[in-house]
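These notes are about the structure you will find just below.
The values are calculated or read from the model by the stated rules, or taken from the named source; none is laboratory data. Because the structure is a prediction, the values reported are computed rather than measured. Please note: Cβ atoms are built from the backbone with ideal geometry, for glycine as well, and neighbour counts cover all protein chains shown. SASA here: full protein model, heavy atoms, side chains in, ligands and nucleic acids out. Shrake-Rupley method; radii C 1.70, N 1.55, O 1.52, S 1.80 Å.
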2 protein chains.
Amino acid sequence: MDNSVINNYIELIDKGFEHFLPNNKTNYSSVTESMRYSFLLGGKRIRPIILMEFFRICGGEGNKALPFALALEMIHTYSLIHDDLPCMDDDILRRGKPSNHVVYGEDIALLAGDGLLTHAFYTASSARDIPPQLCLQAINVLSDLAGYRGMIGGQVIDLQSEGEQVPIEVIDELNLLKTGGLLRAAAKIGVILAGGSPEKIKCADNFGKYLGLAFQITDDILDTCGDTALLGKPVKSDEKNDKSTYVAFYGVEKCKEIVVDLTNKAIDCLEKIDGDISFLKELTIELSSRNH
Amino acid sequence: MDNSVINNYIELIDKGFEHFLPNNKTNYSSVTESMRYSFLLGGKRIRPIILMEFFRICGGEGNKALPFALALEMIHTYSLIHDDLPCMDDDILRRGKPSNHVVYGEDIALLAGDGLLTHAFYTASSARDIPPQLCLQAINVLSDLAGYRGMIGGQVIDLQSEGEQVPIEVIDELNLLKTGGLLRAAAKIGVILAGGSPEKIKCADNFGKYLGLAFQITDDILDTCGDTALLGKPVKSDEKNDKSTYVAFYGVEKCKEIVVDLTNKAIDCLEKIDGDISFLKELTIELSSRNH
């Protein structure tokens, strides 16, 4: 696929981030340093890219959706910082680097997560080139899907499922909320900010659901068969933490089939939206065949 | 002062909260229970009351500002849950009851805090009877003053000041950010949502600053001379944690004088706003002479 499109988006995200969270020296700069550290560890920037692509496809102009793209990535980043804390997954490695709390201490890492979550809404509400009622609707969707009815709810089910035999329906709900939450938000918010119709918002939502499921099952497969060096984090962590996953339930081969099926369903949703979906289609396929 | 006004507000807040965070049974209800537990411990509800009073004084109608009042109190509540965690102040008692993590465990308490912070923005962005551009402006102010340039920044300075001799200017900055952050937000947002002028927003901001300083110094005095039973939390915690406070710097008697001076300055700011300020004036005086 065309990596120059991805690289342009990544450059835009990095520049936008510098604008909204500059490296200033203050009496509280330990927390801004810590916020910057985790955000700037990089990552695939999938969520903001999906948001900006949906915005473009639905007729949105230029980089007007960037504040929301940044907000979404800040929320994703905060969730990783809090997930890695000793009272949660207790992971010391993230993207091949020491986790936030390993570098800054647990107290500052906790506050850096809180800070990124709060700053996400500051950044989103600073969008100036989008009609206010659309911004408000997008903030409503973002806070819903990042909250207890979305990502946080999924995280809770994940914690409670450790060491338990949970039915596949609960694993589905877990994946849909925990991983699907922000991917649904990405797609929906892109359409909303561009002023897209309720039908298009619905297609984007379904796209996010299928992609979320496919993405998480691929993650589980990589945790079983992947390479620590490529992943930048230890493998077999699900087994170590006795987590309920699709792989534990269906085995790797069946899971690969399920991923293909979900990917096709996600693409079907895309094709219901008028516009140049070629890049998003490639990205969707790439994500389900990734090795990291 | 007229307690029926306060009781009416508290009833409104409790009802509104039930609407926005009902006691539903779900696969993730441990986190919603935990969120509800801390919110419903009560407290003085000062911030939402100040917000609704400023809204009323500046010509706002009915309970239209309630979603923002609830949002502010959710943010205050999340900050208390995270403050009490073992990696922060490690407090096992809050408002005379076991802290959130003592009841629900550290992992759920962490997520309950994250959940309340996120749900605050969901609740605020659900306000339907206020013009969208005013809601957006209010969300911008809320996220700024609750974030690293506000409450979180103050929390960071507080952590870093433990066991250190810090200059009085830094204690001022700490108090202004940590305690003043949400009080400034309360006053400013009330005016903003009512469509008040920039001059009135400025007066509200200054009111919040003076009240924030007075409130924190009163807290410090109570921590030195107060009564555990009335406060619902252990006294001398500042001394135990070796915290830099006004009381450690100036002593109790001088601090009481400073509180009177700050209270008068806060009232001066109120008097620059046209409207029926009598209740807010009484509340301001009451807060600086409280014993809990």
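Assorted remarks:
- The count of lysine pairs in the stretch A:170-209 with alpha-carbon distances below 13 Å, taking only pairs 8 or more places apart or on different chains, stands at 4.
- Residues of the stretch A:76-112 that bury at least 50 Å² of accessible area once all protein chains are present, compared with their chain alone (1.4 Å probe, heavy atoms only, ligands and nucleic acids left out), are A:87, A:107, A:110, A:111.
- Copies compared at residue B:133 - label distances in nm, ascending, label defined 7 Å from Cα in the Cβ direction: 1.4
- Label geometry 7 Å along the beta-carbon vector: residue B:290 inter-copy distances in nm: 4.8
- The mean sequence separation of alpha-carbon pairs under 8 Å and at least six residues apart, normalised by the residue count of chain A, gives a relative contact order of 19 percent.
- Our estimate of slack between residue B:282 and residue B:14, defined as 0.36 nm per intervening residue step minus the Cα-Cα distance, is 94.2 nm.
- When the accessible areas of A alone and B alone are added and the area of the pair subtracted, with a 1.4 Å probe, the result is around 4400 Å², both sides summed.
- Gain in span if fully extended, residue B:61 to residue B:170, counting 0.36 nm per residue against the direct Cα distance: 35.3 nm
- Of B:245, B:218, B:118, the residue with the greatest mean-square motion in the GNM of chain B, using alpha carbon springs below 10 Å, is B:118.
- Computed over protein heavy atoms with a 1.4 Å probe, the accessible surface of the protein assembly as shown works out to 38 Å² per residue.
- When GluC sites (Glu not before Pro) are flagged only if DSSP places them in a loop and at most 14 other Cβ atoms lie within 10 Å, the longest unflagged stretch of chain B comes out as B:165-292.
- Options A:86, A:143, A:101, ranked by Cα towards positive dipole end of chain A, top entry (Cβ charges): A:143
- Chain A: calculated mean residue ellipticity at 222 nm from DSSP helix runs of at least 4, using -39500 (n - 2.57): -22500 deg cm²/dmol
- Reach of residue B:254 by Cα under 18 Å, taken over lysines that are not fewer than 8 positions away in the same chain: B:265
- Put a plus charge on the Cβ of each Lys and Arg, a minus charge on the Cβ of each Asp and Glu, and nothing anywhere else: the dipole of chain B about its Cα centre is then about 760 debye.
- Pairs of Lys residues in the stretch B:1-126 that lie 8 or more places apart, or on two chains, and have C-alpha atoms under 23 angstrom apart add up to 6.
- Listed residues A:192, A:13, A:168, most fluctuating in chain A (Gaussian network, C-alpha, under 10 Å): A:168
- With the label put 7 angstrom out from Cα along the Cα-to-Cβ vector, residue B:202 ends up 5.1 nm from the copy partners, going from closest to farthest.
- Computed FRET value (nearest 0.05) for residue A:199 with residue B:264, which takes r as the C-beta separation and R₀ as 51 Å: 0.30
- Mean separation of Cα pairs under 8 Å and 6 or more residues apart, divided by the residue count, gives the stretch A:1-94 a relative contact order of 26 percent.
- Given charges at beta-carbon only (K, R positive; D, E negative), |dipole| of the protein assembly as shown in Debye: 1200
- Subtracting the Cα-Cα distance of residue A:272 and residue A:23 from their residue separation scaled by 0.36 nm leaves 85.4 nm.
- A Gaussian network model of chain A, with springs between Cα atoms under 10 Å, assigns the largest mean-square fluctuation among A:17, A:68, A:55 to A:17.
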